[in-house]
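As structure tokens, the structure follows; a few thoughts come after it.
The values are calculated or read from the model by the stated rules, or taken from the named source; none is laboratory data. Bear in mind the structure is a predicted one, so any value in this text is a computation, not a measurement. With ideal geometry, Cβ positions are generated from the backbone for all residues, glycine too; neighbour counts draw on all protein chains shown. Only protein heavy atoms, including side chains, enter the accessible area calculation; ligands, DNA and RNA are left aside. Shrake-Rupley method; radii C 1.70, N 1.55, O 1.52, S 1.80 Å.
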Amino acid sequence: MVRPELNIAIAGGGLMGRLLAWRLSGKGHAITLFESGSFDMPLGACHAAAGMIAPLSELVHCPLPVYELGLQSLRIWPQWVKELQLQGGSPVDYRQSGSILVAHPQDRTELLQFQQELIARLGSDSQRHFQLLEGSELENLEPNLERFDQGLYLASEADIDNRKLLPALLIEIKRHKAQLREHTPVECLPGEILHGGGSERFDYVIDARGLGARDAVKGLRGVRGEVMVVETPEIHFQRPIRLLHPRYQLYAVPRAHNQIVIGATEIESDDLSPISLRSSMELSSALYSVHPAFAEARVIETRVNCRPATMDNLPVLKKEPGLIRVNGLYRHGYLLAPALVQQIETQLYQQTLQVT
Ligand SMILES: Cc1cc2nc3c(=O)[nH]c(=O)nc-3n(C[C@H](O)[C@H](O)[C@H](O)COP(=O)(O)OP(=O)(O)OC[C@H]3O[C@@H](n4cnc5c(N)ncnc54)[C@H](O)[C@@H]3O)c2cc1C
């Protein structure tokens, strides 16, 4: 049976919307992508994110399905990045060099507790997922972590430079001749898009509006995240570093040109106003405690956005005839999106088979 081409509207040009538009236009479907803001400067959480793809680091704080979907995504990302690069665009900087978790000597129980929780959640299989590094082992992997004598190495984890991925996806979506409609806030109905200019019919509508879908996804809430980007030629991390601390959460994700993304706060709020003094002090002092050379780092950017989350922090994938809603990716968009996109592709395919 031949799979017919569908006329599909995707609402939301953030992470999910772009990935869906890229994959589905690449399969020959006619895609129209609607975005309330501009495609060059997205309003969504995707733009603020650190881009970590870290199922094990997240496992301790999240429900098991997030971990399982995350493992699927970890398998998908390398192939997708390869496909994006095949077109000769600029590199999107995907790296699978693992992550390292550390704690200051006075907080060592945090590291121990994290390790125990991994063991409890992964069972007998757990030992192959992490390695406790001592002294020179840690120094060999990350010489700039000289203040720490132990670290937990999660070798399978990855990260992607979202600031490179998002424009790369847009280039591919355009190459596939999808229609791009920016500055067009929409509402989503089965087979129908409503906007200021009236309504348009489609075979399928996919609602990927993140927090913009609050009218349609019950219990959707915003979780504010604040991030700083610093630049220093003195510190060279090879992979994301997480500092376990009784008060703050801190990660440091190295990027090209001596830049490091530092994050992130997690505040139950929809507030999109600039970073607070308190948050910037907490992030800065936690960072300084990792290495004193950070004192001279330059703060080159701060980012604030709200993660779209459901009440149980699980993603939502809801389907009815003519309409799919995908939302609630919370702090796991990059971790979950490829696996969810594949589920949506399968659902569309099954639906199409039913109607042919
Ligand atoms: C500070 C921070 C750090 C993060 N770090 C990570 C990380 O390291 N790893 C990870 O996996 N995840 C991370 N995340 C989470 C990740 O960014 C989100 O889960 C992801 O962006 C959600 O994708 P989305 O496409 O559903 O929503 P969004 O990325 O928010 O995109 C939604 C899009 O829909 C558009 N829109 C809204 N309303 C309308 C409308 N009515 N009509 C048309 N368009 C509309 C918006 O403008 C936006 O472009 C982080 C988030 C934040 C805030």
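So that you can scan it fast, the table gives a plain yes or no per residue for (1) outside the structural domain of H104 (by TED's automatic domain parsing); (2) closer than 22 Å to E146 by Cα; (3) among the acidic types (D, E):
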residue: G198; (1), (2), (3): yes, no, no
residue: I235; (1), (2), (3): no, yes, no
residue: G263; (1), (2), (3): no, yes, no
residue: I267; (1), (2), (3): no, no, no
residue: M281; (1), (2), (3): no, no, no
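So which residues in the range 84-125 are of a type in the set (D, E), surrounded by 13 or more Cβ atoms within 10 Å (Cβ to Cβ) and within 25 Å of Y67 (Cα to Cα), if there are any at all? If you could, list the steps in order and put the result at the bottom.
To start, the set of residues in the range 84-125 that are of a type in the set (D, E) comprises 93, 107, 110, 117, 125.
Now drop any that are not surrounded by 13 or more Cβ atoms within 10 Å (Cβ to Cβ), which leaves 93, 107, 110, 117.
Scanning the range 84-125 gives D93, E110, E117.
Just give me the residues in the range 57-79 being open to solvent by less than 50 Å² (accessible area, probe 1.4 Å), farther than 21 Å from A256 by Cα and hydrophobic (A, V, I, L, M, F, W, C), in sequence order.
Across the range 57-79, the qualifying residues are L59, V60, C62, V66, L69, L74, I76.
Is it the case that some residue within the range 191-211 is within 11 Å of the ligand (Cβ to nearest atom) and either assigned to a helix (DSSP H, G or I) or under 28 Å from H257 (Cα atoms) (or both)?
For the range 191-211, residues within 11 Å of the ligand (Cβ to nearest atom) and either assigned to a helix (DSSP H, G or I) or under 28 Å from H257 (Cα atoms) (or both): present.
From the residues in the range 244-278 that are of a type in the set (S, T, Y) and buried (at least 19 other Cβ atoms within 10 Å of the Cβ), which one is farthest from V102 (Cα to Cα)?
Of the residues in the range 244-278, the ones of a type in the set (S, T, Y) are 248, 251, 265, 269, 273, 276.
Of the ones still in play, those that are also buried (at least 19 other Cβ atoms within 10 Å of the Cβ) are 251, 265.
Numbers: Y251: 10, T265: 18 Å.
This residue is T265.
Inspect the range 20-33 for any residue being touching a strand residue (DSSP E or B) at 6+ places or on another chain (Cβ under 6 Å) and near the ligand (Cβ under 8 Å from one of its atoms) and give the result as yes or no. Break it down into steps so the answer makes sense when it comes.
First, pick out the residues of the range 20-33 that are touching a strand residue (DSSP E or B) at 6+ places or on another chain (Cβ under 6 Å): 20-21, 24-25, 29-33.
Adding the requirement that they be near the ligand (Cβ under 8 Å from one of its atoms) leaves none.
No: the range 20-33 contains no residue that is touching a strand residue (DSSP E or B) at 6+ places or on another chain (Cβ under 6 Å) and near the ligand (Cβ under 8 Å from one of its atoms).
Can you find even one residue in the range 61-68 that is closer than 29 Å to Y288 by Cβ and aliphatic (A, V, I, L, M)?
no
Hey, D203 hits all of (1) in the same structural domain as L59 (by TED's automatic domain parsing); (2) surrounded by fewer than 16 Cβ atoms within 10 Å (Cβ to Cβ) but one; which does it fall short on?
Only one criterion is unmet by D203, namely (2).
Just one of (1) outside any strand (DSSP E or B); (2) within 16 Å of the ligand (Cβ to nearest atom); (3) closer than 23 Å to L340 by Cβ trips up T184, so point out which.
If we test T184 against (1) outside any strand (DSSP E or B); (2) within 16 Å of the ligand (Cβ to nearest atom); (3) closer than 23 Å to L340 by Cβ, just (3) comes out false.
Please go through (1) modelled with pLDDT of 95 or more; (2) open to solvent by less than 30 Å² (accessible area, probe 1.4 Å); (3) out of contact with any Lys or Arg (no Cβ under 7 Å at 6 or more places or on another chain); (4) more than 10 Å from the ligand (Cβ to nearest atom) for A54 and return the number of the only condition it doesn't satisfy.
All conditions are met except number (4).
Which of the residues spanning the range 229-240 are part of a strand (DSSP E or B) and open to solvent by 10 Å² or more (accessible area, probe 1.4 Å)? Let's see the steps before the verdict.
The first filter runs over the range 229-240 and keeps only residues part of a strand (DSSP E or B), leaving 229-231.
The answer is E231, and nothing else.
If you take just the strands (runs of 3 or more DSSP E) that sit entirely in the range 292-356, which of them hold at least 1 residues that are closer than 25 Å to I275 by Cβ?
Per the criteria, 298-309.
Please work out which one of (1) basic (K, R); (2) at pLDDT 95 or above; (3) closer than 26 Å to Y288 by Cβ is the condition R108 fails and give its number.
All conditions pass for R108, except number (2).
Answer yes if at least one residue in the range 273-291 is among the basic types (K, R), at pLDDT 95 or above, over 17 Å from the mean Cα position of the chain (by Cα) and assigned to a strand (DSSP E or B), and no otherwise.
In the first step, residues of the range 273-291 are kept if they are among the basic types (K, R); the result is 278.
Now restrict to residues that are at pLDDT 95 or above: 278.
Next cut, over 17 Å from the mean Cα position of the chain (by Cα) only: 278.
Those still in the list that are assigned to a strand (DSSP E or B) too: none.
No, the range 273-291 contains no residue that is among the basic types (K, R), at pLDDT 95 or above, over 17 Å from the mean Cα position of the chain (by Cα) and assigned to a strand (DSSP E or B).
What pairs can you find where one residue is in the range 132-157 and open to solvent by less than 10 Å² (accessible area, probe 1.4 Å), the other is assigned to a loop (DSSP other than H, G, I, E, B) and of a type in the set (F, W, Y), and their Cβ atoms are less than 9 Å apart, with a gap of 6+ or different chains?
From the range 132-157, the pairs are L138/F148; E142/F148; E142/F237; L145/F237; L152/F130; L154/F130.
Which one is surrounded by the fewest Cβ atoms within 10 Å (Cβ to Cβ) among residues in the range 317-332 that are more than 19 Å from Q350 (Cα to Cα) and touching a Gly at 6+ places or on another chain (Cβ under 8 Å)?
Going through the range 317-332, the residues more than 19 Å from Q350 (Cα to Cα) turn out to be 327-332.
Those left that are additionally touching a Gly at 6+ places or on another chain (Cβ under 8 Å): 327, 329, 331-332.
On the way: N327: 26, L329: 28, R331: 24, H332: 26.
The qualifying residue surrounded by the fewest Cβ atoms within 10 Å (Cβ to Cβ) is R331.
How many residues are open to solvent by 30 Å² or more (accessible area, probe 1.4 Å) and within 13 Å of the chain's Cα centre (by Cα) if we restrict to the range 300-316?
2
If you go through the range 159-181, how many residues are basic (K, R), touching a residue at least 40 places away in the same chain (Cβ under 8 Å) and either over 19 Å from H29 (Cβ atoms) or away from the ligand (no atom under 11 Å from the Cβ) (or both)?
Total meeting the criteria: 4.
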